[in-house]
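First the structure, which I've put down as structure tokens, then a few questions once you've had a look.
The values are calculated or read from the model by the stated rules, or taken from the named source; none is laboratory data. What you are looking at is a predicted structure, and each value in this text was computed from that prediction instead of being measured. Every residue, glycine as well, gets a Cβ built from its backbone with ideal geometry; the counts of neighbours run over all protein chains shown. Only protein heavy atoms, including side chains, enter the accessible area calculation; ligands, DNA and RNA are left aside. Shrake-Rupley method; radii C 1.70, N 1.55, O 1.52, S 1.80 Å.
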Amino acid sequence: MSSSLPGVRALPDSQYDLSTYWGRVRHTASITDPSTLLVGRAGLEQAKRALISYKTGEINEMTPQLWKAKKIVDSTLHPDTGEPVFLPFRMSCFVLSNLIVTAGMLTPGLGNRGTIAWQVANQSLNVAINYSNSNKSTPLSWSKIAQSYFLAVGASCSVAVGLNSIVPRLKSVSPSTRLILGRLVPFAAVASAGALNVFLMRGEEMRTGIDVFPVLSDTDKASLAAQGKAESEVESLGRSRKAATLAVAETALSRVLNSSPIMVIPALVLVRLQSTNWLKKNPRYTTPVNLGLILVTSYAVLPLALAAFPQRQMVSADSLEDEFKGRGGDGGMVVFNRGI
């Protein structure tokens, strides 16, 4: 993220008002733009140099070119480490990475083996994305990653297989209702396991806490600049388990908000389309239509879900552990990286 770049002058957080939901939606749509995936190493370095020029005072104001550079950097670099996130696991690649496994899980008539195989693939991807975009102030050991992975896979497969076996036994409902319920089984499995995956992958954060920092006033920022220090050099006030729990819970909820429309809307629309003469006469188009519905829904929903909560979350210091009471910055507030 651009805040990790050298220079004492702070970059604006966004072109949009991040204190409002729609401002965060527009900001999130910008940093999840898949076109940023086409920027190579040279383009990233050029964008970083442009932003450093602003942070060191060589450029006086933000221009459209600088906003574009910030978009590239913010969508590529991790806010804690300043290192590029592996491309398939960036949020700008989230829809494309999930498209294949989502389509696979929604395939009608999957048996238990197929269901388990796609749930394993989905949870493998979830683990990679959650780990790559989590708060990095609390390192996660490989043994913890493996433990979380197997627990998440076991949970999702249990839900999916269990529901798959229950739906055909519902004799009291009409065949059309059973069909719809069958199409919604992947949603229940993905939504529950997706939320559980976040808690499992980031459980260490809740046990040991994450770094929280004072919110800086304009005077504080000016004082830091006069000392030749960047905002990223401000020392942590300590680690808060309450902040970590809030960060993980909000991230888990945003995953459910994201997966719900994707797993429900295309499935229900496809059921309706399959009753039309066109799709009955052209069944070979079922899979392409399903993929198109998933793709459109995914791109529409992702910014709406991720923007539900700010990535840089501000809370009152007094709402955290006793050790943080009275130690907040501007307005008694502290800030921490929620992760994505």
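If you consider only alpha-carbon coordinates, what radius of gyration and Dmax does segment 237-290 have, in Å?
Both quantities, over Cα of segment 237-290: 20.1, 65 Å.
What is segment 267-340 by shape, rounded, prolate or oblate, if you read a ≥ b ≥ c off the alpha carbon gyration tensor as root eigenvalues and call it rounded for a/c under 1.5, prolate for a/b larger than b/c, and oblate otherwise?
Numbers: a/c = 6.47, a/b = 5.32, b/c = 1.22.
Judged from the Cα gyration tensor, segment 267-340 comes out prolate (a/c at least 1.5, a/b above b/c).
Extension gain residue 62-residue 208, at 0.36 nm per residue separation less the Cα-Cα distance, in nm?
Details: separation 146, 0.36 × 146 = 52.56 nm, distance 3.88 nm.
In short, 48.7 nm is gained.
To continue, here is another question. Give me the dipole magnitude in Debye, nearest 20, for segment 10-72 about the Cα centre, with unit charges on the beta carbon: positive for Lys and Arg, negative for Asp and Glu.
Using only the charged Cβ atoms, the result is roughly 180 debye.
Ordered by packing density, taken as the mean number of other Cβ atoms within 10 Å over each peptide's residues, highest first, how do 264-272, 323-331, 279-287 rank?
Numbers: 264-272: 16.8, 323-331: 15.2, 279-287: 11.3.
So the peptides 264-272, 323-331, 279-287, ranked by packing, come out 264-272, 323-331, 279-287.
I've got another one for you. Applying a 10 Å radius around every beta-carbon, put 23-34, 8-19 in order of their mean neighbour count, most first.
Working: 23-34: 19.1, 8-19: 16.1.
Result, highest mean Cβ count within 10 Å first: 23-34, 8-19.
Please report, in cubic angstrom per residue, the volume enclosed by the convex hull of the alpha-carbon atoms of segment 65-122. Mind showing how you got there, number by number?
Details: hull volume 4.8 nm³, N = 58.
Looking at segment 65-122, the number lands at 83 Å³ per residue.
Taking R0 as 51 Å, what FRET efficiency do you get between residue 223 and residue 268 from their Cβ-Cβ distance, rounded to the nearest 0.05?
Details: r = 56 Å, r/R0 = 1.11.
Here the calculated transfer efficiency is 0.35.
So, in nm, how far is label residue 42 from label residue 281 when the simple model puts each one 7 Å beyond its Cα toward the Cβ?
5.2
Still on this structure, I have one more. Compare the peptides 79-85, 99-105 by average per-residue count of other Cβ atoms within 10 angstrom and give them in order, highest first.
Numbers: 79-85: 15.7, 99-105: 19.0.
Put in order of decreasing packing, that is 99-105, 79-85.
Please state the relative contact order of segment 266-336 as a whole percent: Cα pairs under 8 Å, 6+ residues apart? Each step should come with its number before you reach the end.
Working: 44 pairs, mean separation 15.3, N = 71.
That works out to 22 percent.
If one puts a single equal scatterer on every Cα of segment 30-134 and applies the Debye formula without solvent, what log₁₀ I(q)/I(0) results at q = 0.21, 0.22 Å⁻¹?
The calculated log intensity ratios at q = 0.21, 0.22 Å⁻¹ are -1.04, -1.10.
Still on this model: Report the gain in length on full extension from residue 256 to residue 33: 0.36 nm times residue separation, minus Cα-Cα distance, nm rounded to one decimal.
Numbers: separation 223, 0.36 × 223 = 80.28 nm, distance 2.08 nm.
The span from residue 256 to residue 33 would gain 78.2 nm if fully extended.
Return one whole number: the accessible area per residue of the chain in Å², for a 1.4 Å probe. Walk me through the numbers on the way to the answer.
Working: 16490 Å² over 340 residues.
Using a 1.4 Å probe on heavy atoms only, each residue of the chain averages 48 Å².
Let me ask another. With each run of n ≥ 4 DSSP H residues scored as -39500 (n - 2.57), what mean residue ellipticity at 222 nm is computed for the chain after dividing by its residue count and rounding to the nearest 500 deg cm²/dmol?
Values: 12 runs with 199 residues, N = 340.
Value at 222 nm, helices only: -19500 deg cm²/dmol.
Go ahead and run the numbers for FRET between residue 166 and residue 81, Cβ-Cβ distance against an R0 of 41 Å, rounding to 0.05. Walk me through the numbers on the way to the answer.
Working: r = 44 Å, r/R0 = 1.08.
The computed FRET efficiency comes out at 0.40.
What relative contact order, as a whole-number percentage, does the chain give when Cα pairs under 8 Å and 6 or more residues apart are counted?
On the way: 484 pairs, mean separation 68.9, N = 340.
In percent, rounded to a whole number, it is 20.
Which of the residue pairs 55/136; 68/325; 71/136 have a Cα-Cα distance greater than 28 Å in the structure shown?
Pairs exceeding 28 Å: 68/325.
Between residue 53 and residue 321, how high is the FRET efficiency from 1/(1 + (r/R0)^6) when r is the Cβ-Cβ distance and R₀ = 56 Å? Nearest 0.05.
E between residue 53 and residue 321, to the nearest 0.05, is 0.85.
If each Cα of segment 186-340 is one equal point scatterer, what is log10 of I(q)/I(0) from the Debye formula at q = 0.18 Å⁻¹?
-1.04
When every alpha-carbon pair in the chain is counted, what percent end up more than 39 Å apart? List each step's numbers first, then the result.
Details: 12342 of 57630 pairs.
Tail fraction, whole percent: 21.
When the accessible area of the chain is split by element with a 1.4 Å probe, what percent falls to carbon and sulfur? Kindly include the intermediate steps, with their values, before the conclusion.
Values: 9950 of 16490 Å².
C and S fraction of accessible area: 60 percent.
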